[in-house]
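Peer 1: Right, I'll just put the structure down here and ask away after.
The values are calculated or read from the model by the stated rules, or taken from the named source; none is laboratory data. Bear in mind the structure is a predicted one, so any value in this text is a computation, not a measurement. Note that we place each Cβ from the backbone using ideal geometry, even for glycine, and neighbour counts take in every protein chain shown. We work out accessible area using only protein heavy atoms, side chains counted, and drop any ligands, DNA or RNA first. Shrake-Rupley method; radii C 1.70, N 1.55, O 1.52, S 1.80 Å.
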Amino acid sequence: MMSTILRTGALTACLLGASFASAAEPISTHYRAKQVLGTKIMIQGDTAIGTVDDLVFDDAGNLEYLIVDSGGKLVTVPFEAAKFNIEKRTAVLALTSEQYKVIPTFTVTTYPSFYAPTYRAEVYKYYGLTPRELRRLGAPVIIRP
């Protein structure tokens, strides 16, 4: 009887330990491009401002920006600024309509220099974010025997 209780207690401790270990692991969400493209973008007050029309990746292949089509004008949105609900195909930006109105727009003939340091800093600032360090792919390292 005592060994059964000890085994049951040990099993419970192992399961609880596994539960705590898995709860401590970071949860990572992965999106596919076709899940993001066409997503309706909303701001505070459930106001729709447009849909995701394009994606901009950095040199290392990391998603940097969403390009939102807002009635023929394009808006650069840092990917980190959008909180997605993939089932509803919506994403929300933590912006008021007044904040949104001052964000610069562009057209398909006047794309900005997305990675110019001043442009990045300005765009991220509109969304209350700080740009992460760019990950650049360098020249390959050749190891010789």
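Peer 1: On the basis of being within 16 Å of Thr51 (Cβ to Cβ) and open to solvent by 90 Å² or more (accessible area, probe 1.4 Å), does Val92 make the cut? Before the answer, list the steps.
Peer 2: Working: within 16 Å of Thr51 (Cβ to Cβ): yes; open to solvent by 90 Å² or more (accessible area, probe 1.4 Å): no.
Spelling it out, it is not the case that Val92 is within 16 Å of Thr51 (Cβ to Cβ) and open to solvent by 90 Å² or more (accessible area, probe 1.4 Å).
Peer 1: So, one more: Look through Thr47, Thr29, Thr130, Thr107 and report the one residue that is in contact with a Lys or Arg (Cβ under 8 Å, 6 or more places away or on another chain) and either loosely packed, with under 14 Cβ neighbours inside 10 Å or touching a residue at least 24 places away in the same chain (Cβ under 8 Å) (or both).
Peer 2: Thr107
Peer 1: While we're looking at this one, here's another question. Checking the structure you have, find out if any residue of region 65-86 is modelled with pLDDT under 90 and either surrounded by 12 or more Cβ atoms within 10 Å (Cβ to Cβ) or in a helix (DSSP H, G or I) (or both).
Peer 2: yes
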